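**Student:** Here's a structure for you.
The values are calculated or read from the model by the stated rules, or taken from the named source; none is laboratory data. Values in this document were obtained by computation on a predicted structure and should not be read as measured data. FYI the Cβ positions are ideal-geometry reconstructions off the backbone, even for glycines, and counts take in every protein chain you see.
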Amino acid sequence: MKKYKPKKTLIVTLLALPIVFCSCVNLKTVGDFSSASTESVKNFERIDYSFVKHCLDRCTDEAIRNYEINRTQDCSCALYQEADSVTQVIYNSIEGYFEGLNNLSNNELTNYRSDAVVSALSADELGPLKIEERTVNAFSSLSNTLLRASTDFYRRKKITSYIEQANEPIQVLLEKFRVIIGTNLKGELRFKRERLYNLYVDIKMNGTLISEYEKVKAAADYYQALEAIQRKEIELEVLSKSLDEIAKGHQVLYDNRKKLSVKDLTGFLLSYSNNVNELISEFNKLND
Amino acid sequence: MANLTSDQANQLSDNFYNLAIALADFRVANWDRLTPEQRKDLSDTQYAVIKCGEDILAYSTTLVMDEVADSLGKINTITKDIKGTIKTLKDIQKGLNVAAGILVLGVAILNRDTMGIGNSIKDVFTTWKAPVD
């Protein structure tokens, strides 16, 4: 029976593997950043507020103010629907990009399973040719590592190219999305706050409340409604800040795109990833 | 006349907000000097100003679409490319599985194992046709 023994070249290659593995660190850094960015951007879906919701709330507020009781609410919100559509399109593009970047930099993507090859090599059907088990395992380990190294090199090259091409448009989209969330949608709430203030000031100034209980109850209702609006404003503000941090982090990735194989990138990007994670945590607390 | 930008629209909305606050403060400060009709007129005007400010913000958001059209196109193309690259990397796993199947097929051919050849061809075909995880 023939036996296959490993050659010196195989041993030398196996010894060189740690050098190959060192390069994985920064794919992880890019992965961590894009994962935090994806999670943060997705918080948009958890905000229970939109332009259309604002429009419908406004119709309700107006009906309450005018003491209108109708069977159905007649509310025209076409402009607000369009605003929501634009927001959704921008959100989808940003989320899609970071999710793609996260998937591409995820090491699980290139954790290839060689079980099938190992089984085939050690199968009895191989007939008179028998390969030692440890040789089969060494072959499997080596082929996986070399495959991983080459695919990781390929991934790094691709990621560098994507970051380079994407930086300018993603900065524009993140900035506009930040303005929509932090200025426009949050700005709508500012008007809602003012409408609420006027409603309660009118009640107070008109002297329609007689008993002490009614007065206290009205003030309590006002502050409860105000708190709900302010809470929503904080949520939008936190999301807006996250988008800013994501934009800065992507800029760092772009500025250091030629050094993606250098460990220093971890240091460069860590503070932005941490900031985004802290804002995710802050957002989660607001939603608890 | 040049088109309104989303930034300009936001500035306009700010002006409407400040005007609404000024009207409310004026109404409250002069409450006793105003007749009920004047109060109502002022209140209606103020609500109309608020409504205008809100509509301008929504309108400003729709204006963003024209400003980001180019960036949206670029990012969507890049995202599509990224997905293509991910698929290529996943196809490598498929290639490994097929290679293993072909190895068994080769051995079956060498051993002149008719049954083995049939099964191996079937296995290779199934592996190749299987979707990428």
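**Student:** With (1) under 21 Å from A:S85 (Cβ atoms); (2) modelled with pLDDT of 90 or more as the list, and B:T5 as the residue in question, which single condition is left unmet?
**Tutor:** Only one criterion is unmet by B:T5, namely (2).
**Student:** Residue by residue through region B:16-44, note down the ones that are surrounded by 14 or more Cβ atoms within 10 Å (Cβ to Cβ) and over 19 Å from A:I203 (Cβ atoms).
**Tutor:** Of everything in region B:16-44, those that are surrounded by 14 or more Cβ atoms within 10 Å (Cβ to Cβ) and over 19 Å from A:I203 (Cβ atoms) turn out to be B:F16, B:Y17, B:L19.
**Student:** When you check B:L72 against the structure, is it at the interface with chain A (Cβ under 7 Å from one of its Cβ atoms) and either part of a helix (DSSP H, G or I) or in contact with a Phe, Trp or Tyr (Cβ under 9 Å, 6 or more places away or on another chain) (or both), yes or no? Step through it out loud before you land on a result.
**Tutor:** On the way: at the interface with chain A (Cβ under 7 Å from one of its Cβ atoms): yes; either part of a helix (DSSP H, G or I) or in contact with a Phe, Trp or Tyr (Cβ under 9 Å, 6 or more places away or on another chain) (or both): yes.
For B:L72, the condition - at the interface with chain A (Cβ under 7 Å from one of its Cβ atoms) and either part of a helix (DSSP H, G or I) or in contact with a Phe, Trp or Tyr (Cβ under 9 Å, 6 or more places away or on another chain) (or both) - is met.
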